[in-house]
1. Could you grab me the full set of residues in the range 39-60 that are touching a residue at least 24 places away in the same chain (Cβ under 8 Å) and not in a helix (DSSP H, G or I)?
2. Among the residues that make up the range 56-72, is at least one of them modelled with pLDDT under 95, within 30 Å of residue 10 (Cβ to Cβ) and surrounded by fewer than 15 Cβ atoms within 10 Å (Cβ to Cβ)?
3. Mind checking whether some residue in the range 83-92 is in contact with a helix residue (DSSP H, G or I) (Cβ under 8 Å, 6 or more places away or on another chain) and not in a helix (DSSP H, G or I)?
4. Looking at this structure, is residue 33 more than 20 Å from the chain's Cα centre (by Cα), free of Cβ contacts under 8 Å to residues at least 40 places away in the same chain and assigned to a helix (DSSP H, G or I)?
5. Just for the range 1-22: of the residues that are closer than 23 Å to residue 132 by Cβ and without any contact (Cβ under 8 Å) to a residue 24 or more places away in the chain, which one is surrounded by the most Cβ atoms within 10 Å (Cβ to Cβ)?
6. Within the range 101-109, identify whether any single residue is touching a residue at least 60 places away in the same chain (Cβ under 8 Å), under 12 Å from the mean Cα position of the chain (by Cα), closer than 25 Å to residue 23 by Cβ and outside any loop (DSSP other than H, G, I, E, B), and answer yes or no.
7. If you take the residues in the range 123-136 that are more than 9 Å from the chain's Cα centre (by Cα) and in contact (Cβ under 8 Å) with a residue 60 or more places away in the chain, which one is surrounded by the fewest Cβ atoms within 10 Å (Cβ to Cβ)?
8. So, in the range 45-55, exactly how many residues are over 16 Å from residue 118 (Cβ atoms) and surrounded by 14 or more Cβ atoms within 10 Å (Cβ to Cβ)?
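The values are calculated or read from the model by the stated rules, or taken from the named source; none is laboratory data. Everything numeric in this text was worked out from a predicted model, so none of it was measured. Cβ placement follows ideal geometry from the backbone for every residue including glycine, while neighbour counts extend to all protein chains displayed.
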């Protein structure tokens, strides 16, 4: 059963979850098409490739991508996690651990391009793992959010405990 205090916000929360799902899907498609899920392709993307006449990514080019993501991704996570906490009545420690893992994946996704380009190209698999971790974690958070507003979660709402 849906908490009656949450019921009136089910529409906007569902719209938010839907829009985030579309953004996540778009991010996955762009990542797969532009960079790829092969460490060699990721290295070539950041370091350049003589075979395809692609120059290495410049610091300015990396910053043009990273700076907007440094605002957008944490804000998206902040809003999503707060909605899940408010509507789902999450337990403190598991919620904090899962939130920390999600934020860590986001930070690594953003920083990995710099690390691959300027530190060590062998970090390319970390970019893949952190991207998949972030996408997977966001799917779980959105699933918890939808479960909370549809009343299909296993635990009773916080007020009923």
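1. Residues satisfying the conditions are 56, 57.
2. Taking every residue of the range 56-72 in turn, none turns out to be modelled with pLDDT under 95, within 30 Å of residue 10 (Cβ to Cβ) and surrounded by fewer than 15 Cβ atoms within 10 Å (Cβ to Cβ).
3. For the range 83-92, residues in contact with a helix residue (DSSP H, G or I) (Cβ under 8 Å, 6 or more places away or on another chain) and not in a helix (DSSP H, G or I): present.
4. Against the criterion (more than 20 Å from the chain's Cα centre (by Cα), free of Cβ contacts under 8 Å to residues at least 40 places away in the same chain and assigned to a helix (DSSP H, G or I)), residue 33 does not qualify.
5. If we take residues in the range 1-22 being closer than 23 Å to residue 132 by Cβ and without any contact (Cβ under 8 Å) to a residue 24 or more places away in the chain, then 18 is surrounded by the most Cβ atoms within 10 Å (Cβ to Cβ).
6. no
7. 125
8. Narrowing the range 45-55 to residues over 16 Å from residue 118 (Cβ atoms): 49-54.
Remaining after also requiring surrounded by 14 or more Cβ atoms within 10 Å (Cβ to Cβ): 49.
The qualifying residues number 1.
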